[in-house]
Amino acid sequence: AIRYGRIIFDNIRKVIGYLLSDSFTEILLIFGAVIMGMPLPLLPAQILWVNLIGDTLPTFAIALEPAERGIMKRKPRSPKSPLLNNESKFIIFIIGLITDFILFGLYIYLVKAGFDITYIRTIMFSGLAIDNFFVIFSIKNLRRSIFKTNLFNNPSLWIFVFFGLTVLLLSI
């Protein structure tokens, strides 16, 4: 029971971190464009698509994530410990900033280069959706680097990511 409780708590923490990092990225991207007086980088329908397809399916898969190595060797956590600890907040903040730096920099470049706004929005939409599929792998393990994490221990995650990428290509 303790083992499964720890797995569930970890997976809830991962899901919340994933969803908040994605939302943080969207907010900063839109806010930055509005502050700079530029056209919106994404249309509401594109944001809805990213939230429904790009977030929902991988979230289900990450909720099924198997136990992290050494889960029973950890010290008991306080029942009052928050779902979003400082480590999770840091991950959300860093992922959001890095993603926004890249996407917003690309957005500014494309606008200044004179590309059509429809083309730019398609690139931003694709970039945000693809970013979500990369972030899900980086948040698989909250205690270890992505380079030290087994990326193949959750087949449902790969299925959902492949399905999401297929639907992304079809929607474009």
Practice task
Return only the number of the condition from (1) within 20 Å of Ala33 (Cα to Cα); (2) at pLDDT below 85; (3) in contact with an Asp or Glu (Cβ under 7 Å, 6 or more places away or on another chain) that Thr99 does not satisfy.
Solution key: (2)
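Yes or no, residue by residue, for (1) under 16 Å from Leu19 (Cα atoms); (2) in contact with a Lys or Arg (Cβ under 9 Å, 6 or more places away or on another chain); (3) at pLDDT below 90:
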position: Gly32; (1), (2), (3): no, no, no
position: Leu43; (1), (2), (3): no, yes, no
position: Leu52; (1), (2), (3): yes, no, yes
position: Asp55; (1), (2), (3): yes, no, yes
position: Phe60; (1), (2), (3): yes, no, yes
position: Ile71; (1), (2), (3): no, yes, yes
position: Pro79; (1), (2), (3): no, no, yes
position: Leu84; (1), (2), (3): yes, yes, yes
position: Lys89; (1), (2), (3): yes, no, yes
Problem - Among (1) assigned to a helix (DSSP H, G or I); (2) touching a residue at least 12 places away in the same chain (Cβ under 8 Å) - the single one Met38 does not satisfy - result: (1)
Problem - Answer residue from the range 116-127, given it is without any contact (Cβ under 8 Å) to a residue 40 or more places away in the chain and surrounded by 14 or more Cβ atoms within 10 Å (Cβ to Cβ) and is nearest to Ile62 (Cα to Cα) among those - result: Gly127
Exercise for the section: Tell me, yes or no, whether the range 128-149 has at least one residue that is exposed (fewer than 14 other Cβ atoms within 10 Å of the Cβ) and touching a residue at least 12 places away in the same chain (Cβ under 8 Å). Expected result: yes
Completion exercise
Among (1) closer than 22 Å to Ile53 by Cβ; (2) open to solvent by less than 40 Å² (accessible area, probe 1.4 Å), Phe163 falls short only on (2)
Fill in the blank from the handout: Note on the range 150-160: residues open to solvent by 50 Å² or more (accessible area, probe 1.4 Å) and out of contact with any Leu (no Cβ under 7 Å at 6 or more places or on another chain) are Asn150, Phe152, Asn153, Pro155, Trp158, Ile159
Practice task
Would you mind stating whether Ile108 is open to solvent by 80 Å² or more (accessible area, probe 1.4 Å), more than 24 Å from Leu157 (Cα to Cα) and in a helix (DSSP H, G or I)?
Solution key: no
Practice task
For the range 61-104, name all the residues that are assigned to a helix (DSSP H, G or I) and more than 19 Å from the chain's Cα centre (by Cα).
Solution key: Ile71, Met72, Lys73
Exercise for the section: Under 9 Å between Cβ atoms, at least 6 apart or on separate chains: pull out the pairs that start in the range 18-33 with a residue that is of a type in the set (S, T, N, Q) and end on any residue that is at pLDDT 90 or above. Expected result: Thr25/Leu103; Thr25/Leu128
Handout entry: Residue that is surrounded by the most Cβ atoms within 10 Å (Cβ to Cβ) [pool: residues in the range 1-57 that are among the acidic types (Asp, Glu) and over 20 Å from Glu68 (Cβ atoms)]
Key = Asp22
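The values are calculated or read from the model by the stated rules, or taken from the named source; none is laboratory data. Keep in mind the model is a prediction, meaning the values are calculated, not measured. With ideal geometry, Cβ positions are generated from the backbone for all residues, glycine too; neighbour counts draw on all protein chains shown. In case anyone asks, the SASA skips ligands and DNA or RNA and just uses the protein heavy atoms, side chains included. Shrake-Rupley method; radii C 1.70, N 1.55, O 1.52, S 1.80 Å.
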